[in-house]
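One structure is given below, encoded as structure tokens.
The values are calculated or read from the model by the stated rules, or taken from the named source; none is laboratory data. Since this is a predicted model, take the numbers as computed values, not measurements. Reconstructed Cβ throughout: ideal geometry from the backbone, glycine too, with neighbour counts over all protein chains shown.
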Amino acid sequence: MSSIKHVAIYGKGGIGKSCTASNIAAACAEDGHRVLIVGCDPKSDSSITLVGRRIPTMMDLIQRGGEIKEKDVVFQGYKGVRCIEVGGPEPGVGCAGRGIIVAIDFLRKVSKAMEEVDLVLYDVPGDIVCGGFSAPIRKGLVSQAYIITSGEYMPLYAGNNICKGLRRLNTPLAGVICNSREAAAGREKQIAEKFARELKSRLVAFIPKDPIVQQCERRAVTVIEGAPASEIADVYRALARDIMSGAKPTIPEPLSDERLMELSRE
């Protein structure tokens, strides 16, 4: 059985999923792990802070035609993190989620990157685990998932919907990550803890709102690289260690819509 960890990070668009995923990748690499991050978002922004710029997407290259080599799609980032951006179709044309299936199949033909690492991290968008965006799970590539939320209703609603999809696919939830949107974060943390507990999961990390994160993003670096001595960098490091620790995940038990509304108002 392969010892490579295949982990998907799911969350509502705009919740800070790609920022969190890239910092997890950087922190794992800093600890000596070999990491591949697969950006599955049509925005193609999962690897910007790791590489320092946008990289070509697999879907763009496939659509153009011609010979494609490993060096055209796999890029080295901070501490040797390997980065791939799946990309997506033009707005209003095709399904970005289904592009993941095409891209992963193509990647295996031109590269062994997925076989030469300790962690493959999928940064996956979507308010639900739809047919296309569930591709890494349905293809048997992902063994567990994390969801990112905040204490606000819509991210909680999205996270709960994702858990419904995970349950249908019999895929375990390894934990909930709360990316705080509030300066006074005590109430938000309590909501996230209750949400995770009622899902029969756990709150793996609470990431406080910190201007350092935005400052590093503007410089196109991760917090791990740009502010290594900061408290927020240590939060990402602790999260990365948890992901690599092999803690036992559980099949989530989604909340009812009524309970979710109650929870967001507590």
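Report whether or not Thr171 is under 16 Å from the mean Cα position of the chain (by Cα) and at pLDDT 95 or above. So Thr171 fails the test.
Of all residues in segment 225-236, those that are charged (D, E, K, R) and either surrounded by fewer than 18 Cβ atoms within 10 Å (Cβ to Cβ) or not in a helix (DSSP H, G or I) (or both) total 2.
Pairing each residue of segment 39-64 that is touching a residue at least 12 places away in the same chain (Cβ under 8 Å) with any residue that is part of a strand (DSSP E or B) and among the small types (Gly, Ala, Ser), provided the two are 6+ apart or on different chains, yields C-beta distances under 9 Å for Cys40/Ala8; Asp45/Gly39; Ser46/Gly39; Ser47/Gly39; Ile55/Gly39; Thr57/Gly39. The set of residues in segment 8-58 being within 18 Å of Leu239 (Cα to Cα), in contact with a Phe, Trp or Tyr (Cβ under 7 Å, 6 or more places away or on another chain) and of a type in the set (A, V, I, L, M) consists of Ala8, Ile9, Ile24, Ala26, Ala27, Ala29, Leu50. Scanning segment 139-158 for residues that are free of Cβ contacts under 8 Å to residues at least 24 places away in the same chain and either at negative phi or hydrophobic (A, V, I, L, M, F, W, C) (or both) turns up nothing.
Considering only segment 43-83, how many residues are buried (at least 20 other Cβ atoms within 10 Å of the Cβ) and at pLDDT below 95? Count: 6. The residues listed here are Pro172, Pro211; of these, the one that is out of contact with any His (no Cβ under 8 Å at 6 or more places or on another chain), without any contact (Cβ under 8 Å) to a residue 12 or more places away in the chain and not hydrophobic (A, V, I, L, M, F, W, C) is Pro211.
Close contacts from segment 100-117, counting a first residue that is farther than 13 Å from Lys71 by Cα and a second that is in a helix (DSSP H, G or I), with Cβ to Cβ under 6 Å and a gap of 6+ residues or different chains, come to Ile100/Ala135; Ile101/Ala135; Ala103/Met58.
Of the residues Leu239, Leu166, the single one that is in contact with a Pro (Cβ under 7 Å, 6 or more places away or on another chain), closer than 18 Å to Asp123 by Cβ and part of a helix (DSSP H, G or I) is Leu166. Determine whether segment 155-173 contains at least one residue that is aromatic (Phe, Trp, Tyr), more than 21 Å from Ala233 (Cα to Cα) and touching a Lys or Arg at 6+ places or on another chain (Cβ under 9 Å). Yes, segment 155-173 has at least one match.
As a summary of the residue check, Phe206 satisfies the conditions (1) in contact (Cβ under 8 Å) with a residue 40 or more places away in the chain; (2) closer than 23 Å to Ile37 by Cα except for the one numbered (1). Across segment 192-224, the number of residues qualifying as part of a helix (DSSP H, G or I) and buried (at least 21 other Cβ atoms within 10 Å of the Cβ) comes to 7. Based on what the data block shows, is Leu166 surrounded by 22 or more Cβ atoms within 10 Å (Cβ to Cβ), at pLDDT below 95 and in contact with a strand residue (DSSP E or B) (Cβ under 7 Å, 6 or more places away or on another chain)? Yes.
Considering each of Phe206, Phe195 in turn, give the residue that is over 30 Å from Tyr78 (Cα atoms) and aromatic (Phe, Trp, Tyr).
The conditions single out Phe195.
When the test is whether a residue is part of a helix (DSSP H, G or I), surrounded by fewer than 17 Cβ atoms within 10 Å (Cβ to Cβ), touching a strand residue (DSSP E or B) at 6+ places or on another chain (Cβ under 9 Å) and not basic (Lys, Arg), Glu188 does not pass it.
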